Amino acid sequence: MFRHAIVRPPATNFADGLTTVQLGQPEFARALEQHAAYCEALAACGLALTRLGADKRFPDSTFVEDTAVMLRGALAQVADQAAILTRPGAASRAGEVESIAETLREVFPQTTLHSIQEPGTLDGGDVCEAEHETAHGVRSHFFIGVSERTNEAGARQLAELVASYGCTSSLVDIRGLPNILHLKSGLGYLGDNRLVVIDALDNHDAFREFDLVRINANEEYAANCVRVNDRVLVAADAPEFERTLKYLGYQTVALEMSEFQKMDGGLSCLSLRF
């Protein structure tokens, strides 16, 4: 169960950030409105928010998820919270990590911090935590994407770190797949042994022990959904996917994400949840 989240609103130079899509320039005022609605939704799901200030030094810094991997479900037998500081694959984002590290040290001093080391690179958007049954009970399993931003060295470092906490992992190579910058651009965990997958990931061997919820090609952006306690946050304008979630028994919260989609961002990107 999630209890906390770290969020940061976009800065006025948000449009200067990195993007691989051709959807036009984001409207700053609308991005602020959408971010505020997102934060309200997290709070309505029962999370206490740590709200950081906008940071013009880093136009992409609203996407706080890329800076750390929180071992939130991995620690049933460990008293302290743990986090793994990433090493973003885009050089322009490297400075974002230290800001998040300072926040964790100041606001959550009980958190044990680890770091991805050179030559490894890792973006948090390439890490999807799920749960699976083992002979020893429910354990966390981490799907780790190898992508343009996360290299094999970084992925294997993360795999070793989560293994030290008793967790398992699988590497999922998404290099060369269309329309998927990060693994979680096309993968979401709903709980209940269910994964949301886009067509390009449908037959991957790493997901064979999970029940797959497939999403139509015209709604693929909504695959980046977020289960937050008893609700699922989902991008608006995906009516068929939202109907599927409701049929499966999930309570959904649809949120407008158009301005963040223009900058390769999704629902999971905008918070660190633990």
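The values are calculated or read from the model by the stated rules, or taken from the named source; none is laboratory data. As the structure is a prediction and not an experimental result, all values here were calculated from the model. Note: ideal-geometry Cβ built from the backbone for every residue, glycine included; neighbour counts use all protein chains shown.
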*asked:* Looking only at the stretch 154-168, filter to residues that are free of Cβ contacts under 8 Å to residues at least 60 places away in the same chain, within 19 Å of K184 (Cα to Cα) and among the aliphatic types (A, V, I, L, M); which one of those is surrounded by the fewest Cβ atoms within 10 Å (Cβ to Cβ)?
replied: A159
*Out of the stretch 216-243, which residues are surrounded by fewer than 20 Cβ atoms within 10 Å (Cβ to Cβ) and in a loop (DSSP other than H, G, I, E, B)?*
N216, N229, D230, A236, D237
*asked:* Which of the numbered conditions does V146 fail, given that it passes all the others? Conditions: (1) of a type in the set (V, I, T); (2) surrounded by fewer than 18 Cβ atoms within 10 Å (Cβ to Cβ); (3) touching an Asp or Glu at 6+ places or on another chain (Cβ under 9 Å).
replied: (2)
*Which residue, of R8, R105, R93, R57, is among the basic types (K, R) and closer than 18 Å to V127 by Cα?*
R93
_Which of the numbered conditions does E98 fail, given that it passes all the others? Conditions: (1) within 20 Å of F58 (Cβ to Cβ); (2) touching a residue at least 12 places away in the same chain (Cβ under 8 Å)._
(2)
*asked:* Restricting to the stretch 75-128, name every residue that is of a type in the set (S, T, Y), part of a loop (DSSP other than H, G, I, E, B) and either at pLDDT 95 or above or touching a Cys at 6+ places or on another chain (Cβ under 9 Å) (or both).
replied: T86, T121
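From V197, V172, grab the single residue that is within 16 Å of the chain's Cα centre (by Cα), surrounded by 15 or more Cβ atoms within 10 Å (Cβ to Cβ), of a type in the set (V, I, T) and farther than 21 Å from R243 by Cα.
Selected residue: V172, the only one of V197, V172 that is within 16 Å of the chain's Cα centre (by Cα), surrounded by 15 or more Cβ atoms within 10 Å (Cβ to Cβ), of a type in the set (V, I, T) and farther than 21 Å from R243 by Cα.
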_Go through the stretch 201-236 and report how many residues are of a type in the set (F, W, Y) and under 18 Å from L267 (Cβ atoms)._
1
_Unique residue being among the charged types (D, E, K, R) and at pLDDT below 95 when the list is R156, R139, R175_ = R139
*Does the stretch 189-201 contain any residue that is in a helix (DSSP H, G or I), farther than 28 Å from C45 by Cα and touching a Phe, Trp or Tyr at 6+ places or on another chain (Cβ under 9 Å)?*
yes
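Listed here are the residues, each with its yes/no results for (1) crowded, with 22+ Cβ neighbours inside 10 Å; (2) of a type in the set (F, W, Y); (3) closer than 23 Å to N151 by Cα.
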{"site": "Q22", "(1), (2), (3)": "no, no, no"}
{"site": "R30", "(1), (2), (3)": "no, no, no"}
{"site": "A37", "(1), (2), (3)": "no, no, no"}
{"site": "L42", "(1), (2), (3)": "yes, no, no"}
{"site": "A54", "(1), (2), (3)": "no, no, no"}
{"site": "F63", "(1), (2), (3)": "yes, yes, yes"}
{"site": "T86", "(1), (2), (3)": "yes, no, yes"}
{"site": "V97", "(1), (2), (3)": "no, no, yes"}
{"site": "T103", "(1), (2), (3)": "no, no, no"}
*Got a number for residues in the stretch 35-70 being assigned to a loop (DSSP other than H, G, I, E, B) and out of contact with any Asp or Glu (no Cβ under 8 Å at 6 or more places or on another chain)?*
9
*Quick check: anything in the stretch 244-260 closer than 27 Å to T19 by Cα, among the polar types (S, T, N, Q) and part of a loop (DSSP other than H, G, I, E, B)?*
no
*Return the total of residues in the stretch 133-169 being under 23 Å from L267 (Cβ atoms), assigned to a strand (DSSP E or B) and either of a type in the set (V, I, T) or over 18 Å from the mean Cα position of the chain (by Cα) (or both).*
2
